Each structure stands twice: as structure tokens, then as C-alpha cells.
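Chemist: To start, I am sharing the structure in question, which I have written as C-alpha cells.
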Amino acid sequence: MEKGEILILGGYGAVGSVISKSLVKLFPFQVIIAGRNYQKAKEFSSKLNHKTTPLELDIFSVSKNDDRLNNVKLVIMCIDQTNTEFVSQCIRRGIHYIDITANYNFLSKIELLDKEAKKYNSSVILSVGLAPGITNLLAKHCKSMVRGIQYADIYIMLGLGEEHGEAAYRWAFEDLNDTFVIKEDGEKKEVRSFRDGKQSIFPNNIGKRTAYRSNFSDQHVIPKTLDIDSVSTRICFDSAVMTSLYAVMRKTGLSKLVKLRLVQNFLIKLLKLFKFGSDQFILKVEAGISRKQGLIYECSISGNGQGNSTGLVAAKVVEKLYTSSLPSGVFHLEQLFDPIKFFDSLDNNLKFEESILNKH
């Protein structure tokens, strides 16, 4: 790829700052830390010994002739968007684009820009992070291990001891009341978040936990990219009590209170003030040919610090795209990367485990 500047939008935020720190070591003076708050960008740039350039940039007000993007060759998006106008601008300028969002409604809109990206020789990579991202790669690895794979059940255990950005908390509150459609046995099925609990045994001495449906985008993407008939994603917390509390709130209808902005604000302050668990996370995929025949294979990735690990995954994707040539078009992570090679490249920040449960 022709060298140029790397623009990180939201580069001083919780995940963006991790990406910025990682990339400035590899590409000093080629990284731009951008966002609507110039002062925050400037302060964070000074913490990195001024080896990055701070920039005030509101993506919702960027014009077609905006010269601030003239020397940019790669954009990493770490903030939420409401439409794809900025993505299209990047594509039409031949700028490569990476997005860490987990919102499939938005990702599906970017998928429609595939022909445009190919026309302008732009590589667009989505599902970059833990879930989606690492979970997609785990599912891909399962497919390579299970001939005739028909289902992949994704389980996510998150530690409640880690402080997240405000957007992440609000996403979790919204998800608690969500209703969405998944693909099961090749057919569409409507399900609700934090219902339909299912047990799984987690590694690292966690043991058996009940996890509940959650609207992560990986279960919407994987049936298309990996051609697997049934994909579901369920979530639990390292605190079994808090997981049960969420499920009870959903079942009784108390979860509707979380839709109120004032309630959300109170809960965010509470979660930032008190730690209800650790910063450990576990991502696990179980796969098989049919549920009657039983589970055939499972694999997992575990680590500490969800935000930090998401940033490290994104930085590794940026490094690959910036230093080598990848095809033009819109892709999800699993369509471009080999799972085991990618896991090995993360320098032991994440622990990979696997087991064959039933030979076939």
C-alpha cells in the first residue's frame, strides 16, 4: 500500500487511545488523532511525545472538498455514526477504512458499498475487535475443524470490573430490551435479548454458567461470510448474580426502566464507582453438525481488559493493511485473516484453547 497518514477518529477515547499508542510505536509522525474535541486530541498527543498530530474533525460536517483528508491513506473509526456518508467519502478518495463498531444495522449499510469500494480501490474492513472480530475468527476456525458444520454457538463472558466508555454502557442498556432476528437451521427466527438461557462450561476455572441471547453483530454476519446455517450469540458476566439479575429484569419487564436516560445516567455513575467483578473476558464458540449428534468441537480466547484487547486487535489489522496489499471491497475480519496466524500475532495478549469433544 502507498504510504500516507493514518487517521484515528476518536483516537483519544477508551479504545482509540489503545490503537493510537500501538500505532505510534510502529509509525511515528504518521498518525493523526482526531475528534470533535481538539483539546483532548492535543493533550493525548502530548502524552505520546508529540509523535502524533492532533486534529479537530467532526465527521458529520466534512465536505467533499475537505483538504484535511488529502494525505490520509487509512481511517480507523472508533466513534458511532448515523449514516455512511463519511465512509463513502473515504472510499471515493481511495482511502482504506476500518470500523470497530458492533452495530450490525450500521455495518449492513457499509456492506452495500462493496462495488463502490472496488471501483475506487479502497479496502474496507469491518467486525474488527473482540465481538465481533475474534468471535468471527473462532467460528472460522471451528468450520475448518468440523466437516459439514451446521451450527456455531457463540458465548461471551464479560468482566464487570472494567470501566468502559459511556457509549458502551448505553449499548448494553439498549441491548437488554432488544428484539432481533437471527438465522437458525437456515430459517429466520425472532428472539429477545436476555431470554432463552443456555449453559456452557467456560475455561480458566470459571465453570458452568448460563448465558442469554444478545444482539451482537457476529451472529448476523457469520451465516453469510462462513455459510453456517445456525449461529447464535449469548452473553453472561463474570458475576453470576448480576447475570441472573439482568435476566430477571428482562423477564419481569423491569428492564424497560433502563430505557430512561436518567436511569441510564445513574447506572453509569454506579458502575464506574463500584466494581462488581474483574476485567477478565472469555470468548467461546461451540460447533457441530447437528444438535442431536452433540457437540463436536469448541475453542476459546480469553484475556484481561476488553477495551485494551479490542484496541490491540484493531491495531494489528491496521498494521497488516498499512504494510501490505489487501483486496479492494468491503470485508469482515474473517474473510481476510487466518484465525491461528492472527491469534499468534497478538503476542500472547490473548490465550487460545481448543478441544475436540466428539470425533466424526
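The values are calculated or read from the model by the stated rules, or taken from the named source; none is laboratory data. This structure is a prediction, so every number in the text was calculated from the model and none was measured. Don't worry about glycine lacking a Cβ; one is built from the backbone with ideal geometry, like all the others, and counts go over all protein chains shown.
Chemist: So which residues in the stretch 52-85 are under 22 Å from S17 (Cα atoms) and under 21 Å from the mean Cα position of the chain (by Cα)?
Modeler: Those that are under 22 Å from S17 (Cα atoms) and under 21 Å from the mean Cα position of the chain (by Cα): I59, L74, V75, I76, M77, C78, I79, D80, Q81.
Chemist: Can you confirm whether the stretch 214-231 contains a residue that is over 27 Å from V330 (Cβ atoms) and surrounded by 14 or more Cβ atoms within 10 Å (Cβ to Cβ)?
Modeler: Within the stretch 214-231 (the criterion being over 27 Å from V330 (Cβ atoms) and surrounded by 14 or more Cβ atoms within 10 Å (Cβ to Cβ)), the answer is no, since none of the residues qualifies.
Chemist: In addition: May I ask you to verify whether F106 is of a type in the set (A, V, I, L, M, F, W, C), assigned by TED's automatic domain parsing to the domain that holds V330, on the phi > 0 side of the Ramachandran plot and surrounded by fewer than 22 Cβ atoms within 10 Å (Cβ to Cβ)?
Modeler: So F106 does not fit the description; no.
Chemist: Working only within the stretch 20-47, note down all residues that are in contact with a Ser or Thr (Cβ under 9 Å, 6 or more places away or on another chain), within 16 Å of C78 (Cβ to Cβ) and of a type outside the set (S, T, N, Q).
Modeler: Those that are in contact with a Ser or Thr (Cβ under 9 Å, 6 or more places away or on another chain), within 16 Å of C78 (Cβ to Cβ) and of a type outside the set (S, T, N, Q): L23, V24, V31, I32, I33, A34, A41, F44.
Chemist: Shifting gears a bit: Restricting the search to the stretch 205-236, which residues are over 20 Å from F194 (Cα atoms) and polar (S, T, N, Q)?
Modeler: Within the stretch 205-236, N205, T225 meet the criteria.
Chemist: Here is a further query. I'm trying to understand the selection: among the residues of the stretch 147-170, which are touching a Ser or Thr at 6+ places or on another chain (Cβ under 7 Å) and under 19 Å from F237 (Cβ atoms)?
Modeler: D153, I154, Y155, I156, G159, L160, G161
Chemist: Mind listing whichever residues of the stretch 54-72 are in contact (Cβ under 8 Å) with a residue 40 or more places away in the chain, over 20 Å from T82 (Cα atoms) and out of contact with any Lys or Arg (no Cβ under 7 Å at 6 or more places or on another chain)?
Modeler: Within the stretch 54-72, N71, V72 meet the criteria.
Chemist: Does at least one position in the stretch 31-41 carry a residue that is surrounded by fewer than 21 Cβ atoms within 10 Å (Cβ to Cβ), in a loop (DSSP other than H, G, I, E, B) and in the same structural domain as I98 (by TED's automatic domain parsing)?
Modeler: yes
Chemist: Would you mind stating whether V18 is touching a Phe, Trp or Tyr at 6+ places or on another chain (Cβ under 8 Å), buried (at least 16 other Cβ atoms within 10 Å of the Cβ) and assigned to a helix (DSSP H, G or I)?
Modeler: no
Chemist: So, one more: Filter the stretch 145-191 for residues that are small (G, A, S) and modelled with pLDDT of 95 or more and give the result.
Modeler: A152
Chemist: Out of the stretch 202-228, which residues are closer than 22 Å to A102 by Cα and either part of a strand (DSSP E or B) or of a type in the set (A, V, I, L, M, F, W, C) (or both)?
Modeler: Listed by number, the residues that qualify are A211, Y212, R213, F216, V221, I222, L226, I228.
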